[in-house]
Structure formats: C-alpha cells, structure tokens
Amino acid sequence: MAVAEITLEEFEKIYEGAIEDPAKAPKNLFRRAYNGTIIALSYAEILLSQALRLHGPDAPVGYPDTAYFLPVIRSLSGEAVTKLGELVPILNRMRSQVKPELTFENARLWGEATLYAAEIIEAIHYLEKDEPKVEPWTGFLTDPVLRKYGIKLVDWTIPGQAVIVGRARTSKDAAKIVEELMGNGMMIFASDEVIEQLLEENVKLGVDYIAFPIGNFTQVIHAVNYALRAGMAFGGIPPGLREHHRDYQRRRVRAFVLHLGEIDEVKVAAHFGAIFLGFPVIVDTPLDEELKDWYVSHTDYDDIVKFAMELRGVKLTSVKIDIPLNFGPSFEGETIRKADVHLEMGGGRSTAFELVRTVDIDSIKDGHIEVIGPEADEFPEGSTVPLGIIVDIYGRKMQVDFESVLERRVHYFINYAEGLWHVAQRDMCWLRVSKEAFAKGFRFRHYGEILIAKFKSEFPAIVDRVQVTIITDKDKVEEMIKAARAKYRERDERMKGLTDDKVEEFYTCTLCQSFAPNHACVITPERVGLCGAVTWLDGKASYEITPTGPNQPIPKGPCLDEVKGMWASVNEVVKKESRGTIEEVNIYSFMDKPMTSCGCFEAIMAIFPEANGIMITTREHKGETPCGMTFSTLAGMVGGGTQTPGFMGIGRSYILSRRFIAADGGLARLVWMPKELKEFLGEDFRARCEEAGLGRDFVDRIADEGVGTTPDEILPFLEEKGHPALTMDPLM
C-alpha cells in the first residue's frame, strides 16, 4: 500500500491562522483543556487499576464485531490491544505527553490523550458488561454498520457527520437542530442528555436513521473510533500512521462537534481531541476566548446548523421539494411497522407497478402531476390500495437504455421522505404510508413532487422534462400493468444480450476513491460493482450524464487471457487508478490477480481449502464463517484497495453471473453461504444453477449456518450431498 509521505511541518499547515497573534493565545481555554485532560487520565487510571485487581492483566478487552481492536489506539499507534494489562503502558505514555506549557500544539496533544482515556474507559465498560443494552442507545457501532453506509459516505450522499454533545436549551430546540441535520442528510452522533431530549420529542433515532444515540459523555468516543475506522477500512491507511490518519480525517471525514449547554473542563479537553483530528467545535454559549475556525461560539439556534456546516466546508446542492414531510437520506432506512401503516400498496397485497418511460417532446407537459383514481384521503385508514407510478421523461440526451437505471432511483427518492417506505421495484414494488405522514398532509400527488424534483436535480444532463402519473383506480392499474410488464420483458431481453463478449468497452467506477484511493472497480455487463449498486448500464449512463465523472469507459482492445479475463487496457487503467500499486487484474478469477476491494462490498468470497471450494458471507450475517473469520474481520483484511488472492469483495448479484469466477470453476465451487443470502437470491439462483448444468437442487447442496460453520461440521454434509467441488481440480 503506497501512502504519500506527510511531514509534520506540512500537517501543521492545517492549523495555520488559528492564532493570528501568539500574544493573544486563549490561555484560559488552554488551561481548562489541560485540567480536563488530567481529570480524564486520572479517571481512566482509577478504572484501569480497579479492573486489573478484579480481572487480572490477561482479561480480554475489545469491542464487539470489529476487526480493529480498540480503533482509536489501533489507528493512531498501531497497537492491537487484546488484553487489559496492555493498556497500562499506553496510558502511561499518554500521561508523559501532557506538558504544562499553555500552547496550541500542547492543547492538541492533551486532546489526543483525552481520546485515549475515553477509549480505555469504554473498553473497561465493555469488559464489565456496562454498555448500552436498550434501544435506541447504540454504544459502539460495529463494523457492519460502518460498511453499511460506506457507499453513501464515499459518494457524499451523506455529506458529513455531526457530533452533538450536551443538552440543548429545550427539548424542542434539540429536535429542531437534529431534524434540520437529518433534512440535510447528515450522519449524526448524539451523546449525553440531548438524547433524552430528542426522545421526549419523539425524534426518530437509531441505525436506520443514520442518527446514532451512542450514550453518555465518554461514549462520544464511539463517534471518533467510527471515523478512524473509516480511514483504515476505506482509506487503506495502515494502523499506526498517525499523521496520515489525522490528515485523512481532516480531508475526507467532514465532521464537526456541536456542543450544547454547559462546558466543564473534561469536555474542553475532549473538544481538543476533536480539533487534534481536524474537526472544528461549535458551542452554543458565549466564549471569552475563541480559536479562529476551530473553537467558536454561535448562540443562534435558528442558523447554528448552517453555520456549523459552513465552518466545516460541507456544501449542499439540495433542491426544495414541495411536500409536508422531512426529506433526506437519513430516512432511507426507516421501517414502518404494520401498526403504524395508514395505507399500503403492492408487495403481493395489491397490484402495483412503477415505470419510467422515454417520451418525445410533444407527449409531455413538464412538471405535470396527475392522479387517476381516489386520492390518499379518500381511502379509509388501513386500506390496501392498487398503485401505478408512471414517470415520463423527455431529454435531448435521454436514451432508452437509461430507463431502467432511472427507474431504480424511484426506490431511493421515495424512501428519502420521512414516513414513506418503499422496497423492491417494477411490479414487485411494495410501498407504505405511515399514519404520521398522512396526518402531516401527505397525499399521492406528493410522490410526483418528489420524483419530478429529484430526477431533474440528480440527472440534469439527460433529463429536461418530467411528468408523473399516479394511478389508484383498480381497473386502470390492471390495464397499465400489462404495458409495464411488456416493457420489462423488452428490457430483460436487451440485458440478456449484453455480455462481456458483445460490448466494445467496460467501465471504471472510482466513487469509492474518496475513501479507498487505490481501488477501482471494473464494471462489465456480467460483473456488477462491488457495492451491488452500479451495473454496466449504470456506468454507461453515468458517463453519458457526466463525462468527467467516476465512470469512465475502458476500450477493451486486445485480450491477454480469455479464460482469466485479462485485458491490456484494463491493466493500464487499473495501474493508473491504483497509483501504481496494482499492475495486473484478472476479471474472471479471484485466485490469480483478482480485482481489488474497497470497503462498500455487499459480500465477501473466501477460499475454503478443506472443501476445495469457496464460501461467501454477507454484511448482514453476524455469525462465524467456515474460514474462522466474521464478515468484519474479513472486510478488514480485504478492504482498502488491496489485491488479496483467495479473498474478494463482491456485489450479491455477481453470484448469478455466467462469468462468476469462471476461471476458478464457477458456481460449482460454492460450498457455503448464509441462509439469508440464499433467500435473497431466491428463484433466480435456482434458475442460474440449472443453466450452469448443476441442477436446481444445487442450492440445497450448498451448506449454510444450519449445517455448521466449521470444516468438521460441513464436510460430511458436502460428502453426503455429493458436492462437485470435492472432486474438482485443486484450487491451490
């Protein structure tokens, strides 16, 4: 892994201008930070001494479901702490770097020491089983949560992170601030009394809302170790490169601290921990002393969010949508339970479909929304409603091939509205409207408002005019779904004809380089991007929309190895995009020079040598796997733009590809996968197995966690089922 060298002198330029006149340095602010650091270190020392007496130095310490040990310590010092006694010299080292001179340089080092103290305190809490156990409190955020939002972080769908600490003047003020942050799509970490204030106002919190109530004040360290893991997981920065991690946080993790209410000395010390990492601190109380651009006061709640985002350099290009609901990616993961549903559409309960069509200029009235059938307020609460959503688009550069690409965005755009829920697509779509959303004034025409605004703002290069038709009349829905299904069949036949052999170019995807600078996906018709969200048609559409964007064509040119899938042109592009760290890539092999992995992959393949095959695990599978590593541990090994033969991140749908590890034996090598993944792939998986000559029942010959997670448990099952991998040529 090549990491550009950063000198201390260069890194210090980050802070230039914070103190314009050294004679006017905020000595009192520094003094409070110094005192707070001593208190924090002393408290950590007391807890550590007590824990050592009670548990002994060999007691295991660590957080659940992470490959990064204690991430603050791991990233900044490189130490892989696993035992309680190993924390003693680390704490002593932090004490030794606390010098009493009241300077900005020392204040940042005190902040670093305070971060270490908080990490040690929370590690002991986990050892003592004294961590949050009741939702919505999250405590430590596991690696699957980190990676779940990876693609949104790297493409700036989530524009930044806000760490909120303390207590707002009123609970309504707290709710207003957080809802404004949610509306701007920010990832939120909340700690201290503000959590209770938000719960009082019924603000939606939790992993699904990208709004993490991590716990009491010291648990704010979980916001820090989340950010530092991003540098290791997505940035590919090795543990221990302290200045590189600090530089990465300043450049890539656009975070700030918003402190509400009273500030004691320990909190001032923690603030300087944030500043040490490049995160500015904004407080809502007047300050006698400030640090320009780093430690400032802003007392007006009406625009404190805007002020904080501007200070951190978070730029938004949002468009105002005329709907009565809060809107932003924070609500995409919202679940609407059956008891909270006002209206429900599709999902097998009623006929429903959605369709994007390309039309000519004479067939469209820009901005027009028509509802054919009853509006939402004409159905009784609890009704199951037929629904058709037709989006007609005209654009001078619009192409029929782009229809399915834009159609998939209907899912995301509708889910961005608070109280609206959408899963699946085409004629399998399933939508819900919550009682709360209906009470706020949502009506079916607002689907049109959302789709018109978002298609125009997200795809200005190809979308000139949009009109939306919402159909709730049962007979009309039944009539139009026939036309929609004919369109789906036409597209599917077109897509089946798109094979790697029949196109003249592949596409790169460098979206993840924001976090994994040495990684580049190569997207082909038969290989989806690792995140599962970017197909070859997506890449083609993206290039047409933004010719200088993250998806660039790779003219195929001469093929160097047709079996393994190596092209000279692909090697040239990958070498350039990986900053020279990767020389060659085989598209059809994961054993010999495989494609690199970022950190946003949906699943991971790993060699299972005892069975002469491979296993696959997913982010959703929390348990052990046959290779002895959880998803998180595997992800830590293969992510960050590394090329790791025998291990590779993939998109789920790649399993259904005819080119799935074709050079290594294809589907016949698959010996273990989670039940959840089998169910997700469903009937398409059985059909693909039959097409490959393995029979539809091959899915049942693949072991899962119900069979076991160790070779001793799995091998007898594979032998009983006559799994073909056992008699194939050796993988290694």
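Odds and ends about this structure:
- Förster-model FRET efficiency, 51 Å R0, E201 and R53, C-beta, rounded to 0.05: 0.75
- Mean ellipticity per residue at 222 nm, deg cm²/dmol - from DSSP H runs of n ≥ 4 across the chain, formula -39500 (n - 2.57): -11000 deg cm²/dmol
- Degrees separating the helix 474-496 axis from the principal Cα axis of the chain, which is the longest one: 90 degrees
- Across the cross-link table entries K397/K454; K176/K306; K454/K496; K152/K435, which are compared at the Cα atoms, the separations over 24 Å belong to K454/K496; K152/K435.
- Averaged over its residues, the stretch 4-154 has an accessible area of 45 Å² per residue, based on protein heavy atoms and a 1.4 Å probe.
- For the stretch 569-700, the C-alpha radius of gyration divided by 2.2 N^0.38 Å, with N the number of residues, is 1.05.
- Full extension of the chain between D377 and K306 yields a length gain of 22.0 nm, computed as 0.36 nm times the residue separation minus the alpha carbon distance.
- Phi-derived couplings, Karplus 6.51 cos²θ - 1.76 cosθ + 1.60 at θ = phi - 60°, listed residue by residue for the stretch 697-714: 7, 4, 4, 6, 8, 8, 5, 9, 5, x, 7, x, 10, 10, x, 4, 7, 8 Hz, with x used for Gly and Pro.
- Neighbourhood net charge (12 Å Cβ-Cβ; Lys/Arg +1, Asp/Glu -1) for A635: +1
- The Cys residues in the chain with no partner Cys Cβ within less than 4.7 Å of their Cβ are C429, C559, C627, C689.
- Under conditions of 20 °C and 1.002 mPa s, the stretch 292-374 yields 115 µm² s⁻¹ as its translational diffusion coefficient, taking Rh as the Kirkwood radius over Cα pairs in the Stokes-Einstein equation.
- Crossing angle, helix 104-127 versus the chain [Cα axis fit, 0-90 degrees, rounded to tens]: 70 degrees
- For the residue pairs K487/K675; K456/K502; K172/K204; K24/K99; K556/K593; K13/K292, the C-alpha atoms sit more than 22 angstrom apart in K487/K675; K456/K502.
- Its Cα gyration tensor gives the chain an equivalent ellipsoid. The semi-axes, each the square root of 5 times an eigenvalue, are 43, 34, 25 Å from largest down.
- Estimated FRET transfer efficiency (E720, R658; beta-carbon r; R0 30 Å; 0.05): 0.55
- The slack between M732 and D700, meaning 0.36 nm per residue of separation minus the straight C-alpha distance, is 9.0 nm.
- Computed over the stretch 233-303: relative contact order in percent, which uses C-alpha pairs under 8 Å that are six or more apart: 26 percent
- Translational diffusion of the stretch 94-192 was estimated from the Stokes-Einstein equation, with Rh taken as the Kirkwood radius over Cα pairs; at 25 °C and 0.890 mPa s the coefficient is 148 µm²/s.
- Prolate/oblate/rounded call for the stretch 326-378, Cα gyration tensor, a/c under 1.5 rounded: prolate
- The Cα center of the stretch 518-584 and the Cα center of the stretch 149-181 differ in position by 35 Å.
- Geometric descriptor of the stretch 548-641, per residue, is 113 Å³ (volume of the convex hull of the Cα atoms).
- For the chain, the relative contact order comes to 11 percent (Cα pairs under 8 Å, sequence separation of at least 6).
- Mean shadow area of the stretch 470-611, taken as a quarter of the surface of its Cα convex hull (nm²): 12.3 nm²
- Two-site label geometry, E135 and K435: point separation in nm, points 7 Å out along Cα→Cβ: 1.8 nm
- Relative to the longest principal axis of the Cα atoms of the chain, helix 403-415 runs at roughly 40 degrees.
- Residues R579 and S96, FRET efficiency given R0 of 35 Å [Cβ-Cβ distance, rounded to 0.05]: 0.40
- Here the stretch 625-671 is described by how far its Cα atoms reach on the three principal axes: 28, 24, 19 Å, from widest to narrowest.
The values are calculated or read from the model by the stated rules, or taken from the named source; none is laboratory data. Please read these numbers as outputs of a predicted model, since none were measured by experiment. Quick reminder, even Gly has a Cβ in these numbers, built from the backbone with ideal geometry, and neighbours come from all protein chains shown. Side chains are part of the model used for accessible areas, which takes the heavy atoms of the whole protein and leaves out ligands, DNA and RNA. Shrake-Rupley method; radii C 1.70, N 1.55, O 1.52, S 1.80 Å.
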